[in-house]
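Novice: Mind having a look at this structure? Questions to follow.
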Amino acid sequence: MVNVRKPVWLKSEKLGAKKAREIIKNLRKYNLHTVCESAKCPNQGECFERGTATFMILGETCTRNCTFCAVDKTRKILSPPDPNEPKAIAELSRELGLKHVVITTVTRDDLSDGGAEQFVKVVKEIKKICGNDITVEILTSDFNGDPEQVQKVVNAAPDIFNHNVETIPRLYAEVRPMADFQRSISVLIKAKNCNPAILTKSGFMVGLGESQTEVLSLLRELRKADVDIITIGQYIAPSKEHYPVTEYVHPDIFKYYQSEGEKMGFKIVESAPLVRSSYQAEKARKFITKPLN
Ligand code: SF4
C-alpha cells in the first residue's frame, strides 16, 4: 500500500463545472443516473463539456463485491428494471445533442437475463429517437457468461460492445472475487463472433500490484480475443476501506503501454493516469462504418 500523496499528474482540472451542473440538473429531471457520479470519476466535467455522458441503467446497487469499486453493494432489495428508463435516456441524449452515448450498468445477477433486455430497449429507443448519427456504446457486465444474453444485446446493434476485465487474472480473487477472467474474455469473443463488424472494447486499471510483464501479457490476451479498443488508467482507491493502491504508475509507463498496445494492433489505446472506460469514448466514431451524416 502506498502511503504517499497523490502525485501531481493525478490532479484533474475542474473543467466544465457549469456544464456539469446543467447536465446533472437534467439527469435529475429525467430521474437518471450516470456512473460518472457514482464511481466518482475525475473526468466528469471534461466529458460533459465534450458532450459525452455515461448513463447507468438498472439501478445503483450491484450484486457483486469488487473491492476497488465505489458503487453501492449494500441494499438487499434491488429495484426491477425501470420501464421509463429507455425513453428518458433517449430523450435526454437528444436534448443534450449527444453524439456518442455510453450505457453502463451495475451487475444484476438477480435478474434471469442479467439485465440484457433493458440494454436492448435502451439501445433501440436511442436509435429511434436520436436517429442514425448518434453512436451507442454499451459497457456491460459479464451476464454470468450466458452467450444468449450477449447475442441478445449485440443483436440490438450497438456500435461498440465494451466489457472491462479491470485487472490481471492473478488479482481477480482479491479485486473481483465474483468475476472470472476467462469468462470475461469469452464474453468479448462471443460479442465479436455475433457481429464481426461491431467494435469491441475493454479496459483495466494499473497500480493494484501488477507487473509490466503481466500488463503486456494481458494486452496480448485481449488482442488474441480480437478486442479493438483498450483503456488503461490509474486505480484510485475510493476510500480506505477499498482495495489499497500499491503504486501511482508514472505517465511514461502509460505511454509505454500505449505504444506496445498500438504495436499489437489495437485500433485505439487510451492509456494515461486519468483515463476511464468512457474517457474520450467518442474518438471511436471514426472507426464506425455506418453512414454518419
Ligand atoms: S460488478 Fe461493476 S458495479 Fe459491481 S462491484 Fe464490480 S465493478 Fe462495481
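The values are calculated or read from the model by the stated rules, or taken from the named source; none is laboratory data. A quick note: this is a predicted structure, and the numbers were derived from the prediction, not measured. Note: ideal-geometry Cβ built from the backbone for every residue, glycine included; neighbour counts use all protein chains shown. Keep in mind that these areas ignore ligands, DNA and RNA; they rest on the heavy atoms of the full protein, side chains included. Shrake-Rupley method; radii C 1.70, N 1.55, O 1.52, S 1.80 Å.
Novice: From the list 160, 168, 198, pick out the single residue that is closer than 24 Å to residue 288 by Cβ, away from the ligand (no atom under 11 Å from the Cβ), surrounded by fewer than 23 Cβ atoms within 10 Å (Cβ to Cβ) and hydrophobic (A, V, I, L, M, F, W, C).
Specialist: Working: 160 fails: surrounded by fewer than 23 Cβ atoms within 10 Å (Cβ to Cβ); 168 fails: closer than 24 Å to residue 288 by Cβ.
198 is the lone residue from the list that is closer than 24 Å to residue 288 by Cβ, away from the ligand (no atom under 11 Å from the Cβ), surrounded by fewer than 23 Cβ atoms within 10 Å (Cβ to Cβ) and hydrophobic (A, V, I, L, M, F, W, C).
Here is a yes/no grid of residues against (1) more than 30 Å from residue 116 (Cβ to Cβ); (2) within 16 Å of the ligand (Cβ to nearest atom); (3) at pLDDT 75 or above; (4) open to solvent by less than 50 Å² (accessible area, probe 1.4 Å):
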| site | (1), (2), (3), (4) |
| --- | --- |
| 1 | yes, no, no, no |
| 19 | yes, no, no, no |
| 29 | no, no, yes, no |
| 34 | no, yes, yes, yes |
| 50 | no, no, no, no |
| 54 | no, yes, yes, yes |
| 61 | no, yes, yes, yes |
| 69 | no, yes, yes, yes |
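Novice: Also, quick follow-up: I'd like to verify a number: residues in the range 203-236 that are out of contact with any strand residue (DSSP E or B) (no Cβ under 6 Å at 6 or more places or on another chain), more than 23 Å from residue 10 (Cβ to Cβ), in contact (Cβ under 8 Å) with a residue 40 or more places away in the chain and not in a helix (DSSP H, G or I), how many?
Specialist: Selection size over the range 203-236: 1.
Novice: Looking at (1) buried (at least 20 other Cβ atoms within 10 Å of the Cβ); (2) under 17 Å from the mean Cα position of the chain (by Cα), which is the one condition that is false for residue 218?
Specialist: (2)
Novice: Residue 105: under 27 Å from residue 181 (Cα atoms) and either in contact with a helix residue (DSSP H, G or I) (Cβ under 8 Å, 6 or more places away or on another chain) or charged (D, E, K, R) (or both), yes or no?
Specialist: On the way: under 27 Å from residue 181 (Cα atoms): yes; either in contact with a helix residue (DSSP H, G or I) (Cβ under 8 Å, 6 or more places away or on another chain) or charged (D, E, K, R) (or both): yes.
So residue 105 passes the test.
Novice: Further question on the same structure: Give the range 71-100 a look and list any residue that's within 11 Å of the ligand (Cβ to nearest atom) and either at pLDDT 90 or above or farther than 30 Å from residue 285 by Cβ (or both), or say none.
Specialist: First, the residues of the range 71-100 that are within 11 Å of the ligand (Cβ to nearest atom): 71-73.
Answer for the range 71-100, where residues must be within 11 Å of the ligand (Cβ to nearest atom) and either at pLDDT 90 or above or farther than 30 Å from residue 285 by Cβ (or both): 72, 73.
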